[in-house]
Amino acid sequence: LVASMKQVDETYIMIKPDGVQRGLVGEIISRFERKGFKLTGLKLFQCPKELAEEHYKDLSSKPFFPSLIEYITSGPVVCMAWEGVGIVPSARKLIGATNPLQAEPGTIRGDLAVQTGRNVVHGSDSPENGKREIGERL
Ligand code: RTP
């Protein structure tokens, strides 16, 4: 029995300002619910500039950094905690590639977006980052 039990992980999913402004909150939540994952936390949040700069500090030397910060602080975001077996890589698959033109049809970005700079949603890239982001934002 113990050997067949799978570890339940958690991840942080954030609907970016374009997703909220375009009325895609219900659509995105539905996709995670229909997959079978469990929503365990949810908050509407206006990200301050300093926090956006901290969140994306690894990208601070990139030429698109100022426009990324402007984008992510341009309106409210929806911060969510989700849990399920294998959720971290599975959520990244449901979201699709960073560049929506390369994202497969059937993924959130593949179906609903065209620009990397307006790619609708963020998902943690590791269980450690998921735990940390949930702790910091929810
Ligand atoms: P995220 O952190 O938002 O889930 O995205 P990701 O892992 O798929 O991609 P990452 O490389 O971490 O980039 C973070 C976000 O920065 C914006 N970006 N813009 N204009 C550009 O070339 C460019 N490259 C990245 C995107 O909003 C991306 O999601």
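Computed from the coordinates by the stated procedures, all read-outs in this text should not be read as laboratory data. Remember, it's a predicted structure, so these values are computed and weren't measured experimentally.
For segment 4-138, the Kirkwood estimate of the hydrodynamic radius, built from every pair of different alpha carbons, is 15.1 Å.
Taking each DSSP H run with n ≥ 4 as -39500 (n - 2.57) and averaging over every residue of the chain yields -11000 deg cm²/dmol at 222 nm.
The gain in end-to-end length when the E104 to Q7 segment is fully stretched comes to 32.1 nm, 0.36 nm per residue minus the alpha carbon separation.
Fully extending the segment from V85 to S67 would add 3.0 nm, taking 0.36 nm per residue of separation and subtracting the current Cα-Cα distance. In whole percent, what relative contact order does the chain give with Cα contacts below 8 Å and a gap of six or more residues? About 37 percent, as a whole number.
Annotation: lysines with alpha-carbon distance below 28 angstrom to K38 (same-chain offsets under eight excluded): K6, K16, K93, K131. Relative intensity of segment 85-138 on a log10 scale, I(q)/I(0) at q = 0.19, 0.25, 0.27 Å⁻¹, equals -0.65, -0.90, -0.96, per a Debye sum over C-alpha point scatterers of equal strength in the absence of solvent.
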